[in-house]
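Some notes on the structure that comes next.
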Amino acid sequence: SRSLLDQAAALVPEIRSRASVIPNPVDGEAIAELVRSSTAKPPTRPYLVFSGRLEAMKDVACLLEAYALRIEAETEFVPDLVIIGAGSLEESLRRQACSGAAAGRIRFLGRLSQADTLRWIASALALVLPSRCSEGCPNVLLEAMALSTPIVVSDLLSLREWVDHRVSGM
């Protein structure tokens, strides 16, 4: 991302003349074909989805807390929350999800095939990416965009490059 190049150039100024930003490639037709090939059956009930590693930098704990607070504050808040992925924080995140107002509304699917992950993303109300540190150019964000799935991301410089607030996401 441009912001990561700026950070690197702040440390080593001469790098700017030798570096450029090259976004990850996304093949929309290949993504659509993977979704068509998936045998996953997402529910008809509305849901938000997170897809990624269950590690500290992704800040899924913050997502779980915010989701529970939203349910407590607004009884009409309908969507469930689906977590796709695995990682070292999976067990603690599962424990966190089992307590409070959100218990029973959060579903952990573990690691899925790319086709099944894309099917879940395509059927979601929105993809949520709550990262706490720079993501660069996250594939899951680009894939959601290719699938026309709305996106909600952390307010990080690297993510602001891809998400224009209230235009291409929030």
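The values are calculated or read from the model by the stated rules, or taken from the named source; none is laboratory data. Nothing here was measured: the structure is a model prediction, and the numbers come from that model. Cβ placement follows ideal geometry from the backbone for every residue including glycine, while neighbour counts extend to all protein chains displayed. Note: areas computed on protein heavy atoms with side chains; ligands, DNA, RNA excluded. Shrake-Rupley method; radii C 1.70, N 1.55, O 1.52, S 1.80 Å.
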Check your understanding: Once every DSSP H run of n ≥ 4 in the chain is given -39500 (n - 2.57) and the sum is divided by its residues, what mean residue ellipticity at 222 nm do you get, rounded to the nearest 500 deg cm²/dmol?
Key -> -10500 deg cm²/dmol
Practice item. Could you please state, rounded to a whole Å, how far the C-alpha centre of region 114-170 is from the C-alpha centre of region 46-71? Key: 13
Review point. Percent of accessible area on the chain owned by carbon and sulfur, 1.4 Å probe?
Key: 55
Review point. Between ARG132 and THR75, what FRET efficiency follows from the Cβ-Cβ distance if R0 is 35 Å, with the result rounded to 0.05?
Key: 0.75
**Study point:** Of all DSSP beta bridges in the chain, antiparallel share, percent nearest 5
**Key:** 0
**Study point:** Cut-off under 5 Å, modelled amide H: who pairs with GLU135 long-range
**Key:** SER158, LEU159
Exercise for review: Pop out the ³J(HN,Hα) list for region 150-155 in order, Karplus 6.51 cos²θ - 1.76 cosθ + 1.60 with θ = phi - 60°, rounded to Hz; leave Gly and Pro as x.
Suggested key: x, 10, 10, 10, 5, 7
Study note, to complete from the structure: Here the relative contact order (percent) of region 1-158, from C-alpha pairs under 8 Å and at least 6 apart, is 31
Check your understanding: So what is the relative contact order of region 58-142, in percent, for Cα pairs below 8 Å that sit 6 or more residues apart?
Key -> 39
Practice item. Report, please, the projected area of the chain averaged over directions, based on the convex hull of its C-alpha atoms, in nm². Key: 11.1
Practice item. Treat each spin label as a single point 7 Å out from the Cα along the C-beta direction, and report the CYS98 to ARG45 distance in nm. Key: 1.9
Point to revise | Å² of accessible area per residue within the chain, as computed with a 1.4 Å probe and no ligands counted | key: 55
Point to revise | Length added when fully stretched, SER148-SER168, from 0.36 nm per residue minus Cα-Cα | key: 6.2 nm
Check your understanding: What is the extension gain from ALA66 to ASP6, computed as 0.36 nm multiplied by their sequence separation minus the C-alpha to C-alpha distance, in nm to one decimal?
Key -> 18.5 nm
Review point. Helix hunt in the chain: which complete DSSP H runs extend at least 18 Å axially by C-alpha with mean Kyte-Doolittle at least -1.0?
Key: 60-73
